[in-house]
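Colleague: Shown below is the structure under consideration.
The values are calculated or read from the model by the stated rules, or taken from the named source; none is laboratory data. As the structure is a computational prediction, the values presented were derived from the model and not from experiment. In this analysis, Cβ positions are derived from the backbone assuming ideal geometry, glycine residues included, and neighbour counts consider all displayed protein chains.
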Amino acid sequence: MYMISESDAVCKEYSKMVKNRSNKLVKKWIYFLLGFIVILIILPIIPNFLDNETIRIVYIIYGSLILMGLIIGILVSTFSISDKPAFNYLYMEVYHKLNQERGTFYKYVPYEKEKFEFNTRGGIFTRYCRCEVKKHVLGTSPNGNGFDIFDVTLVTGSGKNRHVHFTGIYYVVKHSSSSIFQIRSHSRPHLKGVKYVKNNDIQEFKVFLEEGQNVSNIQYKYIETIERLKRNLEAKKIYLSITNDELHFAYIPKVHIRKQYELNINKLNQIYTQFLEELRVVDELLETSEF
C-alpha cells in the first residue's frame, strides 16, 4: 500500500500529466476556432457571396452552429479529463508498486495495438468483434498457469453502425479441461465448431453444455464460483467459457476503473486494492478447476 510520501509524488505527476494533456487539447480547439473565425470574416468579403438568400441563411445558421460547437469543445477540454494519463501512467505505477511489495513480475501494457484473437478462442462473444484494449496485464499463477487480464471493449462496425458487445474486464487463463461448457448471465455461446445445448435445470445462469452432456460436479462448482464472483465483483453481467486448453472469464463492472479526479492517497490505495482483487480472481478460478 502507498505511504503519504510515495502517494504525493504519484499524485503530483498524474495531475501534471492531466493538466498538460488538457492544455494541449484546449490549444488545438482554440486554433480551430481562430481559423474558423478567419474564414467567417473572409467569406463576406468575397464579391456577391451573400447576395443569394439561401447562401446567406446557410452562412448564418451553419456558421453559428460550428462556432458554438468549437466553443463547447474548448469548454469540455478545459473542465474534463482523458482516460489516457490514468492508463498510460497511473495504473502502470500502481502495478509497479504491487510487484515491488509482492515480489511478483506482472507486466502492464496500456493501449496495446494488436490483432487479439482471445475472443475468437473463447467464443463468449461473436468472433467478428475487434478489440479496443485499454489495459493488458500478463502474469503467471503460483502453479505456472499463464494468464492475461484485459480492460477491453469488443465492438463490431464503425461510425453510426458501431455496436458495443462488451466493455469490461476479460481474463484468459491457460488451463486444460476435458469438457467444454459456458456459464453466462446473458445471450448465447459463439464458439465455432462446438454444438452447445442449454441446460434448463439451472435457473441462476444460462448453462450451455456440449450436446449429450449433463451437468457434472465440477460444473456445479463453477456455477457456485461464478455466483460468488458476480456478487463480490458487483458485476452487471458475467461470463465463463471453458475450452480444452483455456479458461475465459469476463464481467461488466457496475463502476469501471477509468479516469481519476482529485487523486489522493485514499483513492490510490483503493485502486491498488481493486487491482489486487482482479488478480485474486485468477486464483479463485483455478482453485475451482482443481476441485
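Colleague: Which numbered condition in (1) more than 30 Å from M1 (Cβ to Cβ); (2) in contact with a helix residue (DSSP H, G or I) (Cβ under 6 Å, 6 or more places away or on another chain); (3) surrounded by fewer than 19 Cβ atoms within 10 Å (Cβ to Cβ) is the only one that L240 fails?
Modeller: Condition not satisfied by L240: (3).
Colleague: Looking at Y261, is it in contact (Cβ under 8 Å) with a residue 24 or more places away in the chain, loosely packed, with under 13 Cβ neighbours inside 10 Å and of a type in the set (S, T, Y)?
Modeller: It is true that Y261 is in contact (Cβ under 8 Å) with a residue 24 or more places away in the chain, loosely packed, with under 13 Cβ neighbours inside 10 Å and of a type in the set (S, T, Y).
Colleague: So, in region 274-286, exactly how many residues are surrounded by 13 or more Cβ atoms within 10 Å (Cβ to Cβ) and either free of Cβ contacts under 8 Å to residues at least 40 places away in the same chain or not in a helix (DSSP H, G or I) (or both)?
Modeller: Here the count works out to 1.
Colleague: Additional query: Only strands (runs of 3 or more DSSP E) wholly contained in region 112-180 count here; list those with 2 or more residues that are under 19 Å from F208 (Cβ atoms) and at pLDDT 95 or above.
Modeller: 163-174
Colleague: Could you say whether any residue in region 196-211 is out of contact with any Ser or Thr (no Cβ under 8 Å at 6 or more places or on another chain), basic (K, R), free of Cβ contacts under 8 Å to residues at least 40 places away in the same chain and surrounded by 12 or more Cβ atoms within 10 Å (Cβ to Cβ)?
Modeller: Checked against the condition, which is being out of contact with any Ser or Thr (no Cβ under 8 Å at 6 or more places or on another chain), basic (K, R), free of Cβ contacts under 8 Å to residues at least 40 places away in the same chain and surrounded by 12 or more Cβ atoms within 10 Å (Cβ to Cβ), region 196-211 yields at least one hit.
Colleague: Residue under question is K135, and the condition is that it be assigned by TED's automatic domain parsing to the domain that holds F181 and surrounded by 13 or more Cβ atoms within 10 Å (Cβ to Cβ); does it hold?
Modeller: The answer is yes for K135.
Colleague: Please specify each residue of region 71-99 satisfying the condition of being over 16 Å from I257 (Cβ atoms) and at pLDDT 95 or above.
Modeller: Within region 71-99, H96, N99 qualify.
Colleague: On to the next question. Determine whether region 76-84 contains at least one residue that is assigned to a loop (DSSP other than H, G, I, E, B) and either hydrophobic (A, V, I, L, M, F, W, C) or in contact with a helix residue (DSSP H, G or I) (Cβ under 6 Å, 6 or more places away or on another chain) (or both).
Modeller: The answer is yes; a qualifying residue exists.
Colleague: Pairs, please: C-beta under 8 Å, at least 6 apart or cross-chain, first residue over 16 Å from I265 (Cα atoms) and in region 10-24, second in a helix (DSSP H, G or I) and small (G, A, S)?
Modeller: As it stands, the answer is S22/S77, since those pairs meet every condition given.
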